Each structure stands twice: as structure tokens, then as C-alpha cells.
1. Restricting to region 65-94, name every residue that is part of a loop (DSSP other than H, G, I, E, B), free of Cβ contacts under 8 Å to residues at least 40 places away in the same chain and of a type in the set (S, T, N, Q).
2. Would you say Glu139 is closer than 30 Å to Ser107 by Cα, free of Cβ contacts under 8 Å to residues at least 12 places away in the same chain, surrounded by 10 or more Cβ atoms within 10 Å (Cβ to Cβ) and of a type outside the set (A, V, I, L, M)?
3. Test Ser42 against the criterion of being assigned to a helix (DSSP H, G or I), within 13 Å of Ala104 (Cα to Cα), in the same structural domain as Leu111 (by TED's automatic domain parsing) and modelled with pLDDT under 90, and give yes or no.
4. Considering each of Val128, Val100 in turn, give the residue that is of a type in the set (Val, Ile, Thr) and surrounded by 13 or more Cβ atoms within 10 Å (Cβ to Cβ).
5. Pro93 is checked against (1) surrounded by fewer than 17 Cβ atoms within 10 Å (Cβ to Cβ); (2) modelled with pLDDT of 90 or more and fails just one. What number does that condition carry?
6. Give Phe138, Phe114 a once-over and let me know the one that is more than 24 Å from the chain's Cα centre (by Cα) and either in a loop (DSSP other than H, G, I, E, B) or among the hydrophobic types (A, V, I, L, M, F, W, C) (or both).
7. What single numbered condition from (1) modelled with pLDDT of 95 or more; (2) farther than 26 Å from Gly119 by Cβ fails to hold for Phe101?
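The values are calculated or read from the model by the stated rules, or taken from the named source; none is laboratory data. Keep in mind that what you see is a predicted model, and the values were worked out from it rather than measured. Note: ideal-geometry Cβ built from the backbone for every residue, glycine included; neighbour counts use all protein chains shown.
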Amino acid sequence: MKAEQLSLFSEFGGGSHNSSSALHLGGLSSTLKASMQRALASAAPHLSRAQLVDRMNEIAKYHGVKITTGRTKLLTTNILDKWLAPNDTDDMPPILAVEVFMMAIGSFAPLEAFAEFNGCKVMGPDEVAFYEYGKAKFESKERAKELRMLENKLSTSKLGRR
């Protein structure tokens, strides 16, 4: 493997690093935060921010994970507010905090937003079953096509030997 030293002016990872990819990546924090806000808004009639903070702290404690950074042991509403502020790119929730957030509100919206940001889609169990069925069906048709080609080749070669 060839080692390469990058300078400040090098293209990242040898790929095409341009202003559009930087703008794309720069939008990740606001995309994630906006999706968390929307998910909380749908849960909000039944769940206040204070209740959400309590629930997230309980979930984190139960699973033995720390969802805050630095010396802070417990999540507070002030920290949550910073995590949800789309224009505050300095205060991003850690990945474990996003997972606990989704568990606390019962929504995969942040994960779906992250996946869509990267050109992917999140599938539930039913969608996975349809995907697997379609994939198996396609592979089955491809195998049948290969078998027909082999049969034709065999029948042609047998006729040629006679």
C-alpha cells in the first residue's frame, strides 16, 4: 500500500473535493438537528423537553452509556436545546445520544435523515422482506437465463458431434 502525505491543499482521499461536497457535508448538522426537532415535535403533545431529558437519562443509565461530552454526567434541557438548534454547529449530539434520543421518542427520523443525506434509505422489517424477495426473484431469473444458455450450448455441441 502506498502511503501518501496530504497537504492543506490536497484533495481529500484522492477524490474530487470541491465546494459542492463541502457544502453538502456542511449541511449534515442542520439536517440532523432539524430531523430531531421534527421528531420531537411529533412526540411533543405527549412529551415535554424536560420529560424527554429524564427519559434519555434513564435509558442511558439503564444501558450503561454516557450520552454527554466532557465532565457532564447527565443530559440537561440546556444541552438538549443546543443539540436541537439547527444554526449551532458547535454543539452536535454524540452518536450514542442520537440513538438514545430515538429510543426515547420512538422514532427513527434522525436515522432516516442521516441515511437520506447519504443517498440511502432506512427499511423496516417488511421492506427488508420485500427487498429480499425481489433480490431472490431477480437472481432466480438470472440463473434460469444462464441455464438456458448452457442448455443451448450443450444441445449445439451434441448435434455437432454426431
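1. Across region 65-94, the qualifying residues are Thr68, Thr69, Thr72, Thr76.
2. Spelling it out, it is not the case that Glu139 is closer than 30 Å to Ser107 by Cα, free of Cβ contacts under 8 Å to residues at least 12 places away in the same chain, surrounded by 10 or more Cβ atoms within 10 Å (Cβ to Cβ) and of a type outside the set (A, V, I, L, M).
3. So Ser42 passes the test.
4. Of the residues listed, the single one that is of a type in the set (Val, Ile, Thr) and surrounded by 13 or more Cβ atoms within 10 Å (Cβ to Cβ) is Val100.
5. Exception for Pro93: condition (1).
6. Exactly one of Phe138, Phe114 is more than 24 Å from the chain's Cα centre (by Cα) and either in a loop (DSSP other than H, G, I, E, B) or among the hydrophobic types (A, V, I, L, M, F, W, C) (or both), namely Phe138.
7. Unmet for Phe101, out of (1) modelled with pLDDT of 95 or more; (2) farther than 26 Å from Gly119 by Cβ: (2).
Here's the yes/no breakdown for (1) closer than 26 Å to Ala41 by Cβ; (2) touching a Leu at 6+ places or on another chain (Cβ under 7 Å):
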site	(1), (2)
Pro94	yes, no
Glu99	yes, no
Met102	yes, yes
Ile105	yes, yes
Cys120	yes, no
Tyr131	no, no
Lys135	no, no
Glu146	no, no
Ser155	no, no
